[in-house]
Amino acid sequence: MLKIDTHTHIIPKKLPNWSEKFGYGDFIYLQHHKKGFAKMMRGNQFFREIKENAWNPKLRIEEYSKFNTQIQVVCTIPVMFSYWAKPLDCLDLSQYLNDHIAELVEQFPKNYLGLGTLPMQDSELAITELERCKKIGLSGIQIGSNINDLNLNEDRFYPIFEACEKLSMCILVHPWNMMGQQNMQRYWLPWLVGMPAETTRAICSMVFGGIFEKLPKIRVMFAHAGGSFLTTLGRIEHGFVCRPDLVAIDNPVNPRNYLGRFWVDSITHDPVLLDYVIKMIGSEKIVLGSDYPFPLGDLEIGRFIEDMNLEISVKENIFFKAPLEWLGVNSGRFTD
Ligand SMILES: [Zn+2]
């Protein structure tokens, strides 16, 4: 069966020294300190160690073949977004990352599809780069769950979403810049608690802000099975009903009506939860995801889904039908 992993991260082996080039800021750079490993550095601060499978496309294809997965949808690592930088500098950096992914897609068209990154802090530049991403063969974009702490319903982002709909570019909303992280550094809480909350924040902002109402054809996928949105939807809906004066101020439609309007990935690490997600939004809206190559990801690329007692049609939806629909790609691309 065709398997498309819609949520994976990649980075070029070599990054320019942007801090030096732009003359400010703690832009990420890589220290290749030993064979097969690199340290991601933010300024002088160590951020995370990555392995060769974060940049080597052939090694990745080999590793994926062990899990019978032919296609990886790649995007950058959220810490690279650099929305805090000066807009033109972020554009420069985004173009570098996007060109790298476009080259990869061109070189391995049967194994890779790509999502770009945009200078979201400047809507005009973001749209210019979005149009370029389309031209260089990317299928969509990845954006953060907030943009410099602004929620995605802010008016300034609307033209970007509108352009995505017009250009038929899909969107992955990825948690990052986690709320409250300064107050919960211990126990990896920004990743374990902050990330699911961030994704919920993004979905609620887009739903209550009426983005899905105004742009019926927009194709958005939320990471990590939608964070804690689906498991707290009862509370969210109840809040909408009992305090419309607080919640329904920009969009009168019940949030539950948007189930099936957007996609989420399968990264739950829990068959019981995935079963619930299937019941909530249907397998047509769940796409295989892994968060490869990072340790918190599902690094067996959906093996737990294969082991679940699911109808073959449900597995087909998750493994390739829903991914193709979200991406707006025809399966012929991989079989011809
Ligand atoms: Zn991720």
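The values are calculated or read from the model by the stated rules, or taken from the named source; none is laboratory data. Small disclaimer: the values here were computed from a predicted structure and weren't measured. So basically every Cβ, Gly included, is an ideal-geometry build from the backbone, and we count neighbours across all protein chains shown.
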Report task. Sort out for me the helices (runs of 4 or more DSSP H) sitting completely within segment 1-113 that have 3 or more residues that are modelled with pLDDT of 95 or more and under 24 Å from I136 (Cα atoms). Result -> 57-65, 87-107
**Report entry** Where F81 falls short, out of the listed (1) free of Cβ contacts under 8 Å to residues at least 40 places away in the same chain; (2) within 16 Å of the ligand (Cβ to nearest atom)
**Finding:** (1)
Report task. From (1) among the basic types (K, R); (2) within 16 Å of the ligand (Cβ to nearest atom); (3) over 27 Å from F319 (Cα atoms); (4) modelled with pLDDT of 95 or more, pick out the condition that doesn't hold for R132. Result -> (2)
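Restricting to segment 306-336, what's the tally of residues that are under 17 Å from P271 (Cβ atoms) and in contact with a helix residue (DSSP H, G or I) (Cβ under 6 Å, 6 or more places away or on another chain)? Can you show your working first?
Initial filter on segment 306-336 (under 17 Å from P271 (Cβ atoms)): 306-312, 314-315, 317-319.
Subsequent filtering for residues that are in contact with a helix residue (DSSP H, G or I) (Cβ under 6 Å, 6 or more places away or on another chain) retains 308, 314, 317-318.
Number satisfying all stated conditions: 4.
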Query raised in the report: Would you say S205 is surrounded by fewer than 21 Cβ atoms within 10 Å (Cβ to Cβ), more than 24 Å from P271 (Cα to Cα) and within 18 Å of the chain's Cα centre (by Cα)?
Result: yes
**Report entry** Of the criteria (1) crowded, with 19+ Cβ neighbours inside 10 Å; (2) in a loop (DSSP other than H, G, I, E, B), which one I249 fails
**Finding:** (1)
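Can you work out which of the residues in segment 252-276 that are out of contact with any strand residue (DSSP E or B) (no Cβ under 9 Å at 6 or more places or on another chain) and closer than 17 Å to F304 by Cα is surrounded by the fewest Cβ atoms within 10 Å (Cβ to Cβ)? Spell out how you get there, then give the answer.
In the first step, residues of segment 252-276 are kept if they are out of contact with any strand residue (DSSP E or B) (no Cβ under 9 Å at 6 or more places or on another chain); the result is 252-260, 268-273, 275-276.
Then keep just the ones that are closer than 17 Å to F304 by Cα; that gives 268-273, 275-276.
On the way: T268: 22, H269: 13, D270: 12, P271: 14, V272: 9, L273: 14, D275: 14, Y276: 15.
Checking each candidate, the answer is V272.
Go through segment 276-296 and report how many residues are more than 9 Å from G260 (Cα to Cα) and not in a loop (DSSP other than H, G, I, E, B).
Taking segment 276-296 as the starting set, the residues that turn out to be more than 9 Å from G260 (Cα to Cα) are 276-279, 283, 286-296.
In the following step, the residues that additionally are not in a loop (DSSP other than H, G, I, E, B) were identified as 276-279, 283, 286-287, 292.
Of the residues in that region, 8 qualify.
Sort out which residues of segment 277-301 are surrounded by 15 or more Cβ atoms within 10 Å (Cβ to Cβ), over 17 Å from the mean Cα position of the chain (by Cα) and farther than 19 Å from G328 by Cα, and write them in order of number. Walk me through how you get there before you give the answer.
Step one: list which residues in segment 277-301 are surrounded by 15 or more Cβ atoms within 10 Å (Cβ to Cβ), which gives 277-278, 280-281, 283-294, 297-301.
Checking which are over 17 Å from the mean Cα position of the chain (by Cα) leaves us with 277-278, 280-281, 283-284, 300.
Result: V277, I278, M280, I281, E300.
Out of everything in segment 219-269 that is basic (K, R) and in contact (Cβ under 8 Å) with a residue 24 or more places away in the chain, what residue ends up being nearest to the ligand (Cβ to nearest atom)?
Taking segment 219-269 as the starting set, the residues that turn out to be basic (K, R) are 219, 235, 243, 256, 261.
From what's left, in contact (Cβ under 8 Å) with a residue 24 or more places away in the chain: 219, 261.
Values: R219: 18, R261: 22 Å.
Per the stated criteria, the residue is R219.
Kindly indicate whether D307 is more than 21 Å from the chain's Cα centre (by Cα), free of Cβ contacts under 8 Å to residues at least 24 places away in the same chain and loosely packed, with under 13 Cβ neighbours inside 10 Å.
Values: more than 21 Å from the chain's Cα centre (by Cα): yes; free of Cβ contacts under 8 Å to residues at least 24 places away in the same chain: no; loosely packed, with under 13 Cβ neighbours inside 10 Å: yes.
No; evaluated as a whole, the condition is false for this residue.
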Query raised in the report: So L88 clears everything in (1) within 21 Å of the chain's Cα centre (by Cα); (2) closer than 24 Å to L130 by Cα; (3) away from the ligand (no atom under 16 Å from the Cβ); (4) surrounded by fewer than 21 Cβ atoms within 10 Å (Cβ to Cβ) except one condition, right? Which one?
Result: (1)
Query - Search result, residues across segment 118-127 that are touching a Pro at 6+ places or on another chain (Cβ under 9 Å) and either surrounded by fewer than 22 Cβ atoms within 10 Å (Cβ to Cβ) or more than 11 Å from C164 (Cβ to Cβ) (or both) - result: P119, Q121, D122, S123, E124, L125, I127
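For segment 139-168, which residues satisfy the criterion of being farther than 21 Å from A85 by Cβ, in contact with a helix residue (DSSP H, G or I) (Cβ under 9 Å, 6 or more places away or on another chain) and in contact (Cβ under 8 Å) with a residue 40 or more places away in the chain?
Step one: of segment 139-168, the residues farther than 21 Å from A85 by Cβ are 139-140, 153, 155, 158, 161-168.
Narrowing further to those that are in contact with a helix residue (DSSP H, G or I) (Cβ under 9 Å, 6 or more places away or on another chain): 139-140, 153, 158, 161-164, 167-168.
Within segment 139-168, S139, G140, N153, Y158, F161, E162, C164, S168 meet the criteria.
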Query - Members of segment 1-42 found to be within 16 Å of the ligand (Cβ to nearest atom), of a type in the set (A, V, I, L, M) and over 16 Å from W55 (Cα atoms), listed by number - result: I4
